[in-house]
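Okay, structure first, notes after.
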Amino acid sequence: MKRILAIVGPTASGKTGFAVAVARAAGGEIVSGDSRQVYRGMDIGTGKDLEEYGEIPFHLIDVAPAGAKYNLFQYLADADRALEDISARGKLPVLCGGSGLYVESVLKGLRLPPVPENTPLRESLRGKSLEELTAILASMKTLHNTTDVDSPQRAVRAIEIEQYYLEHPSEAVAAREGLPRPATIIGVDVDREVRRSRITRRLDARLEAGMLDEARRLLDSGIPPENLIYYGLEYKFLTEHLLGKTTFREMRDGLEIAIHQFAKRQMTWFRGSQRRGFRIHWLSGDLPREEFAARALEIYQSEDGNPQET
């Protein structure tokens, strides 16, 4: 498999545009590393920005129906197929995303067994707060970050997986072992205040573009509210507002705070990735896209043939 070029960074860093510029300059194709862009019909809220891609092929966007609970096991299987296909055709695989768990798992070469639903466990956890569930999860494993466990439903699933591994230790070992993939990782470095300003502007732009109507259409299509809330962030706040639990202002302001907190957790994850052995080359998010792409490819070419150790 060809060496992967990964573009990572927090929300509102502009990483999609940079990844497209890299793919365009190198004849590459993009594999999304976003845990929510996999869902069809969830476009504005997940910031797919499909118009950014132009003629550049992309993978792992719109591969699951809204309302489903696509997980890391499914993502890794789909990512493997996409990366192998891109490499087999001699194209550069460009992995782009802000879901640190998904990106890092791909680069680790992680393999996961399917974990079945544990109904008795779920019943025992019913009604517990996110804080209580996070504490339970932390007692079962080391939590590097909670970026991808930002709702009670996701936390329950994470506990379910850890409980399965405790009961099936041989599968747990297999799940945590893998052959690291050769990769060059480029991080998009954006000043904190610039990032905060972008998040605020982007949130208001997406609300004006019909993000609330998008959530309403999803509910009207028959998706249970708890399924949208499961996705966290935008869909959690939008759904609670549509259910009459919050005013528009409470929804908007609460969501803004949550996105800022999410971006902070993303950066915490990427710093943790560096401590875990992943080398991230940070490039300024203020660079013109063509210059960013040129520098990223220079770094990639200098590392090509020297698999990254993790």
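Failed condition for Leu143, given (1) open to solvent by 40 Å² or more (accessible area, probe 1.4 Å); (2) at pLDDT 85 or above, with all others met?
Leu143 satisfies every listed condition except (2).
List the residue pairs whose Cβ atoms are under 6 Å apart, where the first residue sits in segment 103-131 and is among the small types (Gly, Ala, Ser), the second is not in a helix (DSSP H, G or I), and the two are 6 or more positions apart or on different chains.
Note: pairs meeting the criteria are Gly109/Gly178; Gly109/Leu179; Gly109/Pro180; Gly109/Arg181.
Of all residues being more than 21 Å from the chain's Cα centre (by Cα) and assigned to a helix (DSSP H, G or I) in segment 202-212, which is surrounded by the fewest Cβ atoms within 10 Å (Cβ to Cβ)? Just the residue, please.
Out of the qualifying residues, it is Glu208.
Can you tell me how many residues within segment 232-252 are open to solvent by 40 Å² or more (accessible area, probe 1.4 Å) and among the aliphatic types (A, V, I, L, M)?
Residues that pass the stated criteria total 2.
Closer than 21 Å to Ile223 by Cβ, out of contact with any Pro (no Cβ under 7 Å at 6 or more places or on another chain) and buried (at least 22 other Cβ atoms within 10 Å of the Cβ): does that describe Tyr70?
Considered against the rule, which asks whether it is closer than 21 Å to Ile223 by Cβ, out of contact with any Pro (no Cβ under 7 Å at 6 or more places or on another chain) and buried (at least 22 other Cβ atoms within 10 Å of the Cβ), Tyr70 comes out as no.
Across segment 97-141, what is the number of residues that are of a type in the set (Asp, Glu) and touching a Phe, Trp or Tyr at 6+ places or on another chain (Cβ under 9 Å)?
Total satisfying the criteria: 1.
If you go through segment 165-201 one residue at a time, how many are modelled with pLDDT under 95, among the small types (Gly, Ala, Ser) and open to solvent by less than 60 Å² (accessible area, probe 1.4 Å)?
Number of matching residues: 4.
Could you count how many residues in segment 263-305 are outside any loop (DSSP other than H, G, I, E, B), open to solvent by less than 60 Å² (accessible area, probe 1.4 Å) and free of Cβ contacts under 8 Å to residues at least 60 places away in the same chain?
Within segment 263-305, residues that are outside any loop (DSSP other than H, G, I, E, B), open to solvent by less than 60 Å² (accessible area, probe 1.4 Å) and free of Cβ contacts under 8 Å to residues at least 60 places away in the same chain number 0.
Given segment 69-151, what helices (runs of 4 or more DSSP H) lie entirely inside it while holding 1 or more residues that are over 16 Å from the mean Cα position of the chain (by Cα) and on the phi < 0 side of the Ramachandran plot?
Ranges flagged: 72-88, 119-125, 130-140.
If you check Gly45 against the conditions, is it at pLDDT below 95 and open to solvent by less than 10 Å² (accessible area, probe 1.4 Å)?
No, not satisfied.
Can you tell me which residue among Leu107, Leu133 is open to solvent by less than 10 Å² (accessible area, probe 1.4 Å), of a type in the set (A, V, I, L, M, F, W, C), under 30 Å from Ala19 (Cβ atoms) and modelled with pLDDT of 85 or more?
Leu107
For the list (1) farther than 30 Å from Ala23 by Cβ; (2) open to solvent by 30 Å² or more (accessible area, probe 1.4 Å), I need the number of the one condition that Ile229 fails.
For Ile229, the exception is condition (2).
The values are calculated or read from the model by the stated rules, or taken from the named source; none is laboratory data. These figures come from a predicted structure and were not determined experimentally. When we count neighbours, we look across all protein chains shown, and the Cβ atoms used for this are built from the backbone with ideal geometry, even at glycine. To get the accessible areas, we keep the full protein, side chains included, count just its heavy atoms, and leave off ligands, DNA and RNA. Shrake-Rupley method; radii C 1.70, N 1.55, O 1.52, S 1.80 Å.
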